[in-house]
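The values are calculated or read from the model by the stated rules, or taken from the named source; none is laboratory data. A quick note: this is a predicted structure, and the numbers were derived from the prediction, not measured. Here the Cβ positions follow ideal geometry from the backbone for every residue, glycine too, while neighbour counts run over all protein chains shown. Quick note on the areas: whole protein, heavy atoms, side chains included, nothing else; ligands and nucleic acids left out. Shrake-Rupley method; radii C 1.70, N 1.55, O 1.52, S 1.80 Å.
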Amino acid sequence: MEKKDYLELYQEMVIIRLVEERSAELYQQGKIGGFLHLYIGQEAVCCGITSVRQPQDRIITAYRDHGWALSAGIDPKNVMAELLGKQDGCSKGKGGSMHMADTEKNFWGGHAIVGAHIPIAAGMALGDVYQGNDDAVTICMFGEGATNIGFFHEGLNLSKVWHLPVLWVCENNIYGMGTTMERASAVSEIRQKAEGYGMPNDRIEGMDVMKIREEVSRVLEKVRKDGGPHLLEVMTYRYRGHSMGDPERYRDKEEVKKWEEVDPIGILRKHILHEEVATEAELDEQDQEAERIVDEAVEFAESSPNPANEALFENIYVEPTPIEYRGYAMEHESEGR
Amino acid sequence: MSRMTMREAVSKALWEEMERDEKVFIQGEEVGIWGGTYAVTKGFYDHFGEKRVRDTPIAEAAIVGSAIGAALTGLRPIAELMTINFAFVAMDHIVNEAAKLHYMFGGQFKLPLVIRAVSGGGRQLGATHSQTPDAIFAHFPGLKVVSPGTPADAKGLLKSAIRIDDPVLFIENATLYQTKGEVPDDKDYLEPIGKSKVQREGDDVTIVAYSKMVPAALEAADMLAEDGIEAEVVDLRSLRPLDMEPIIKSFKRTNRAVVAEEGWRSYGVGSEVSARIYELAFDYVDAPVKRVAQAEVPLPYNAELEQLALPQTEDIYHAAKEVIYG
Amino acid sequence: MAELVTMPKLGFDMAEGTLVRWVKVEGDTVEKGDVIAEIETDKATVEVESSHSGVMVRHLAEEGTALPVNSPIAVLAEKGEEPSEDEINALVEEAGGEPQKKDEEKKERKETVDKEEKPEPAANEKEEPEVEPAGGVRSSPLARRMAEEHDVRLEKVEGSGPQGRVVKKDIETFLDSMREEGRVEEAEAVGKAMQPLTAFSVGEVPEDEVVEMSRLRQAIGRRMQDSNQNSPHFYLTRTFKTGEMMRLRKELNQLLPESEKLSVNDFILKASALALRQYPNLNASLEDDQHIRRHGHVNIGVAVAIEGGLMTVVCKDADQKPIRLIAQEVREMATNAREGKVRSDDIEGSTFSISNLGMYAIDDFTAIINPPESSILAVGAVQNVPVVEEGELAVGSRMKATLSADHRVTDGAEAAEFMGVLANYLEEPLRLML
């Protein structure tokens, strides 16, 4: 890794942190509606993995997706605009926080139904195998809570039976909403579930982005070469609640404080300084630039227009199809663009 | 033109589309080596190979879910659900994912997949294997729901479903598989999705039907003709989008209608069609629209009881007589 | 710069929160991240952190108050700053203005999307009361529409549907029977109602009865005999297309009170008057063997049946009067005539007469000219009859009228032309308005 790569990696993590913090504020001001699931504390995972994936590798995740959207390469402007529901959002304001995607960056969302994207991930890998894209790997993230739902079982089983190149990444932040793993899962380590499918598996720490890069590179190449699935359990932690409005009765402040001491951004910063790759001042500069980028993104999002009323009826179908308007006459054609 | 059964028509459509486009493939339970539990894909495995005719584990959510994923990479999968009763296991993927992914991500995701399923009862398979929940799936915008009533439509509509870029739930009927009809040989014979079709013309009463109720409606129309009553039979063919135009055009002439479906009356297809008739042609109504449907009971195993519950040709005949006041 | 702290949105469906406890009191220093207050929502009590550093200068909400999301709850100033009352008020006002605007904006957008949301209140309110349908008649929407189109009263139609519902074929049956009877127009006669049948008993044959003729009867007899014998009558019959006239009449009558409604005869009267202006020979009298007096006025006489005979009431200068006035006058005079209160002015001076037996379902008839006039128009019933339109059979509204004219004053061609012009007026009845 070059110095500039370190600085980029660092800045990326800071941008994600800032975007999440600003989103929280905007949410409290009522400008972001619905659900908001913050990624604060887990930045090492998304930045670590996306920084070692190849362009042909597909990324798909659940609803805590802002970090993934940003690290996959979506401009913070478009992420912010999506959060505010504006037409310049990456999903044109139609998806919101939980449904960000950019197929050109090989980022396939942003999914809200717990575990539903898991069989879909298996399907994407199937698509690659079918079409001879032999060196593509589908990287699918989900929380530890999702490993108890039927979709998880069906998806993982299928990936093993059909020998599909999927890297199953469990972002284990210990709490599925407010329920700890111990209370929800039959086994204490998620990776043990992969044993049930005869699937190779690993468990790694998730707060150090450099460690993640190392481990994930190794595993990714294995999947790429062998072609079959692999489950990677990543131990991480979210500093904020499950989503905005979470009273967090399920954990105490001391625990949160303890994890904050291993803040992934702090860890990388220390590492960079220790290895003398860059100076404090240079890192501060990255901080400031990140701040500027996020400020601009918020400004852009706030001044971006709302989608036109007609957008309500767009992209329901690809084929031009008359759309019912309130059950009366067919007035609108779906444009399919 | 060739005369063939609906099963053959479906099979032909699948075969021809698989030959035409490498991206089309079939996956489902027992579709490969077994040849399909209704023999629709018999011979496919040997000809097309295991990559394109894929036997899956018994895992409907994965069958539909992975089809969705494959569609996202540019393929055109045909996911087969052995019966529509098993679709409930994959409900999320059918109505939450397939129907909505294109919309939620601002049009970035294309889902050109077809989900084929067999609907209907009457074969003593017990309550959980005999349902006709078609209307439930037609409820969701973003999905297209198609159900042919004739072999020709089966071929033409299935080909269209495979070729368009929208997700289609293609509902077949096991009892209809053996009905015969004239089917065009043309490999590019397509029928439009979202268009109803007049299967029989008449000026005295409008009978709206789809799937298994189409042959029943045509039989009832013959019975009515002996009474001097000429019925117009309109075949919906697609439940979503729902094409009311031929129905309203007919209704304005006949002023009375019967809607026949195999599913239950409450919240069913008939509810939707009659509501729209009242909205679009209120001043032409001479009698309330009559809905012929299944009795509001789970279907029992015993053969006579089962037939008692299911809508028959006679029911359509009597309903038509009622709305004619004759 | 002093800043407002507002009630934060702490959950996706939170609309208001209660400020349970102030943690930072007025005057306290606040660092970014410090808890400044505890706020209770529907779901939980949450500690709210400050997103800025500064000094808690003012509480704007008291402990225990519930406030909507985004309401101002405190003022945070920079260290060392001491905002004045006015500055604080200005801040609050500004904030107060903002949320309001946003709601309005939202409302506006919703209104445009809800474009067709409003149900027709009229249609819904006319809903059937619990037991009986509105108006007491059960009928299908189609039957109701047909009844209205054909001026049929639903109460008169027998319903063959369930619970006596009147349906399409019942209306058709009713119309058929009415056509057979020839009475498509309901009775709104300028004349007497039909006499009920007198009872008779089998077995008794009454004696001859000699009745003395009234003076009126004698007078009528004399005049008619005179006319019939002395005026060389010739007769022209023409069928008039009355569809437009009936439609216009219906429309106009919707605007008029019951007591003023226009009759078919009023239209014919006005039309005749206007046509006569163009054919003065028909509005004339024989002066002597060599002279015809073409009258300046067009005074139309209307035959009115009264007890013991008939009387002709006269609408003077009918061509000058609007049809509403004509109707009023004729109605009044006819009533007076029937009540025996007619004034001589009302029965004298006619230059042309109209006799209408349409309300008696008469197809057509010939009338005897009223001397000293030179013509009279005998009008039959308006009926829906089979007609040929563009080579196809259709149903049309038609009325026959027969003109009796005095051959000393006019002849066939002229009279026929008059009938043609009369037809123009009747068939394009808007001309009667001009």
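Under the rule a/c < 1.5 gives rounded, and otherwise a/b versus b/c splits prolate from oblate, where does region A:132-202 land using the Cα gyration tensor?
Prolate shape, in that a/c is at least 1.5 and a/b is the bigger ratio.
For a paramagnetic label modelled at 7 Å from the Cα of residue B:22 toward its Cβ, which residues of region A:85-104 fall within the zone defined by backbone nitrogen distances under 19 Å?
Inside the label zone: nothing.
According to a simple spin-label model (label point 7 Å from Cα along Cα-to-Cβ), what is the distance in nm between residue A:295 and residue A:221?
Using points 7 Å along Cα→Cβ, the separation is 4.3 nm.
Residues of region C:9-25 with accessible area at least 50 Å² lower in the all-protein-chain context than alone (1.4 Å probe)?
Relative to the lone chain, where solvent access is computed with a 1.4 Å probe, region C:9-25 loses at least 50 Å² at C:9, C:10, C:12.
I need the phi-derived Karplus couplings for region B:93-108: 6.51 cos²θ - 1.76 cosθ + 1.60, θ = phi - 60°, integer Hz, Gly and Pro marked x.
6, 6, 9, 9, 9, 4, 6, 10, 4, 4, 6, 5, 9, x, x, 6
Taking 22 Å as the cut-off for C-alpha to C-alpha distance, list the pairs among B:252/B:321; C:341/C:400; B:249/B:321; B:249/C:168 that go past it.
The pairs that break the limit, which is 22 Å between Cα atoms, are C:341/C:400.
So if I place +1 on the C-beta of Lys and Arg and -1 on the C-beta of Asp and Glu, and nothing else carries charge, what would the dipole magnitude of region C:296-391 be about its Cα centre? I want it in debye, nearest 20.
So the dipole magnitude of region C:296-391 works out to roughly 340 debye.
Return one number: the angle in degrees, 0 to 90 and rounded to the nearest 10, between the long axis of the Cα atoms of helix C:243-255 and the longest principal axis of the Cα atoms of chain C.
Tilt of helix C:243-255: around 60 degrees.
Going by a ≥ b ≥ c, the root eigenvalues of the Cα gyration tensor, does region B:183-326 fall in the rounded group (a/c under 1.5), the prolate group (a/b larger than b/c) or the oblate group?
rounded
Using amide H atoms built in the peptide plane, which far-off residues or other-chain residues are under 5 Å from residue B:198 H to H?
HN-HN under 5 Å from residue B:198: B:235.
Connecting C-alpha atoms closer than 10 Å in a GNM of chain C, tell me which of C:385, C:166, C:211 has the biggest fluctuation.
Result for chain C, Cα springs under 10 Å: C:211 fluctuates most.
Which entries in A:86/B:100; B:144/B:187; B:23/B:197; B:155/B:197; B:144/B:197 show an alpha-carbon gap greater than 21 Å? Could the numbers behind the result be given before it?
Numbers: A:86/B:100 19 Å; B:144/B:187 23 Å; B:23/B:197 31 Å; B:155/B:197 15 Å; B:144/B:197 17 Å.
Violating the 21 Å limit, Cα to Cα: B:144/B:187; B:23/B:197.
Could you derive backbone 3J(HN,Hα) for region B:289-300 from the dihedral phi with the Karplus parameters 6.51, -1.76 and 1.60 (θ = phi - 60°), listing whole Hz in sequence and x where the residue is Gly or Pro?
5, 9, 9, 9, 8, 6, 4, 7, 9, x, 6, x
Which one of C:35, C:298, C:421 has the biggest mean-square fluctuation once chain C is modelled by GNM with Cα springs under 10 Å?
Comparing C:35, C:298, C:421 in a Gaussian network model of chain C, the most mobile one is C:35.
Positive end of the charge dipole of region A:1-153 (Lys, Arg +1 and Asp, Glu -1 on Cβ, about the Cα centre): tell me which of A:11, A:66, A:130 has its Cα farthest that way.
Of the options given, the answer is A:66.
List, by residue number, every residue in region A:127-152 with a reduction of 10 Å² or greater in accessible area between the chain on its own and the complete protein assembly, 1.4 Å probe.
Residues of region A:127-152 that lose at least 10 Å² of accessible area once the other chains are added: A:127, A:130, A:131, A:151.
Provide the per-residue ³J(HN,Hα) series for region C:365-377, in order, calculated from phi with Karplus coefficients 6.51, -1.76, 1.60 and θ = phi - 60°, each as a whole number of Hz, with x at glycine and proline positions.
So the Karplus estimates, Gly and Pro as x, are 7, 10, 10, 9, 5, 7, x, x, 6, 10, 7, 8, 10 Hz.
Compute, for residue A:230, the solvent-accessible surface of its heavy atoms (probe 1.4 Å) with the complete set of protein chains present, and express it in square angstrom to the nearest 10.
0
Leaving ligands, DNA and RNA out of it, work out the accessible area of residue A:63 with a 1.4 Å probe and give it in Å² to the nearest 10.
50
Using only Cα atoms, find the angle between the long axis of helix B:60-72 and the longest principal axis of chain B, and express it within 0 to 90 degrees, rounded to the nearest 10.
Between helix and principal axis, roughly 70 degrees.
Given contacts defined as C-alpha pairs under 8 Å and at least six residues apart, what's the relative contact order of chain C, whole-number percent? Don't skip to the answer; put the middle values down first.
On the way: 712 pairs, mean separation 57.0, N = 434.
With pairs under 8 Å counted, the relative contact order is 13 percent.
For the protein assembly as shown, with every protein chain kept in place, what is the accessible area per residue (1.4 Å probe, Å²)? Display every interim value, and only then the final one.
Working: 50630 Å² over 1097 residues.
That works out to 46 Å² per residue.
With heavy atoms of protein chains only and a 1.4 Å probe, what residues of region A:78-117 have at least 40 Å² less accessible area in the full set of chains than alone?
A:94, A:99, A:103, A:108, A:111, A:113
Does anyone have the angle between helix C:215-230 and the longest principal axis of chain C? Alpha-carbon axes, 0 to 90°, nearest 10?
For helix C:215-230, the angle is close to 70 degrees.
Would you calculate the separation in nanometres between label points at residue C:205 and residue B:165, each defined as 7 Å from the Cα along the Cα-to-beta-carbon direction?
10.1
How high is the relative contact order of region C:303-434, in percent, with contacts defined as C-alpha pairs under 8 Å that are six or more residues apart?
Reported as a whole number, the value is 18 percent.
What residues have an amide H closer than 5 Å to that of residue C:139, excluding those fewer than 5 places away on the same chain, when H is modeled at 1.01 Å from N in the peptide plane?
For residue C:139, the qualifying residues are C:166.
Of C:145, B:256, C:217, which has the most accessible area with a 1.4 Å probe, and how do the rest follow in descending order?
C:217, C:145, B:256
For chain A, what is the charge dipole size about the Cα centre, in debye to the nearest 20, if Lys and Arg each add +1 at the Cβ and Asp and Glu each add -1 at the Cβ?
Using Cβ point charges on Lys, Arg, Asp and Glu, chain A gives about 1040 debye.
Taking a spot 7 Å from the Cα of residue B:127 along the direction of its beta carbon, which residues of region B:285-301 have an amide N less than 11 Å from it?
It comes to B:297-301, nothing else.
Just to be sure I understand: of the beta bridges DSSP finds with both ends in region B:146-280, what percent are antiparallel, rounded to 5?
Here the share of antiparallel DSSP bridges comes out near 30 percent.
Estimate for me the total accessible surface buried between chains B and C (protein heavy atoms, probe 1.4 Å, no ligands or nucleic acids), in Å² to the nearest 100.
Roughly 900 Å².
Return the carbon/sulfur percentage of the accessible area of region C:323-406, one whole number, probe 1.4 Å, all protein chains in place.
On region C:323-406, the fraction of accessible area on carbon and sulfur atoms equals 48 percent.
Once label points are set 7 Å from the Cα along Cα→Cβ at both residue B:91 and residue B:203, what is their separation, rounded to one decimal in nm?
Between residue B:91 and residue B:203, the label points sit 4.8 nm apart.
Using Cα-Cα distances under 8 Å and only pairs 6 or more residues apart, what relative contact order does chain A have, in percent?
21
Which of rounded, prolate or oblate describes the protein assembly as shown when judged by the alpha-carbon gyration tensor and an a/c cut-off of 1.5?
prolate
Keeping all protein chains in place and using 1.4 angstrom, which order do A:153, C:233, B:139, A:111 fall into by accessible surface area, from largest down? Working shown, then result.
On the way: A:153 95, C:233 35, B:139 135, A:111 5 Å².
The ordering from most to least exposed comes out as B:139, A:153, C:233, A:111.
Please report the buried accessible area for the interface of C with A, total over both chains, probe 1.4 Å, in Å² to the nearest 100.
1700
Projected onto the charge dipole of the protein assembly as shown (+1 at Lys/Arg Cβ, -1 at Asp/Glu Cβ, origin at the Cα centre), which of C:205, C:305, B:263 gives the Cα projection farthest towards the positive end?
Positive-most Cα among the choices belongs to C:205.
Of all accessible surface on region B:140-222 at a 1.4 Å probe, what whole percent is carbon and sulfur?
That fraction is 49 percent.
Kindly provide the helix-only [θ] at 222 nm of chain C, computed as the sum of -39,500 (n - 2.57) over DSSP H runs of four or more divided by all residues, to the nearest 500 deg cm²/dmol?
Helices in chain C give a 222 nm mean residue ellipticity of -10000 deg cm²/dmol.
Where nothing but the Cβ of Lys and Arg (+1) and of Asp and Glu (-1) is charged, how large is the charge dipole of region C:1-52 around its Cα centre, in debye to the nearest 20?
Numbers: 5 positive and 12 negative charges, 11 e Å.
The calculation lands at about 60 debye.
Would you work out which of C:359, A:85, C:137 lies farthest towards the positive end of the dipole of the protein assembly as shown? Charges go on Cβ: Lys and Arg +1, Asp and Glu -1.
Of the candidates, C:359 comes out farthest on the positive side.
Note the buried accessible area between A and B here, summed over both chains, with a 1.4 Å probe, in Å² to the nearest 100.
It comes to approximately 3900 Å² buried between A and B.
Given R₀ = 51 Å, what would the calculated FRET efficiency be for residue A:282 paired with residue A:195, taking r from the Cβ atoms and rounding to 0.05?
Values: r = 45 Å, r/R0 = 0.89.
The calculated FRET efficiency here is 0.65.
If you take the beta carbon distance between residue B:230 and residue C:151 as r and set R0 to 25 Å, what does 1/(1 + (r/R0)^6) give as a FRET efficiency, to the nearest 0.05?
Working from the Cβ atoms, E equals 0.20.
Using DSSP, restrict attention to beta bridges with both residues in chain A and report what percent are antiparallel, rounded to the nearest 5.
Roughly 20 percent of the DSSP beta bridges within chain A come out antiparallel.
What order do A:259, B:15 take when sorted by accessible area (1.4 Å probe), most exposed first?
B:15, A:259
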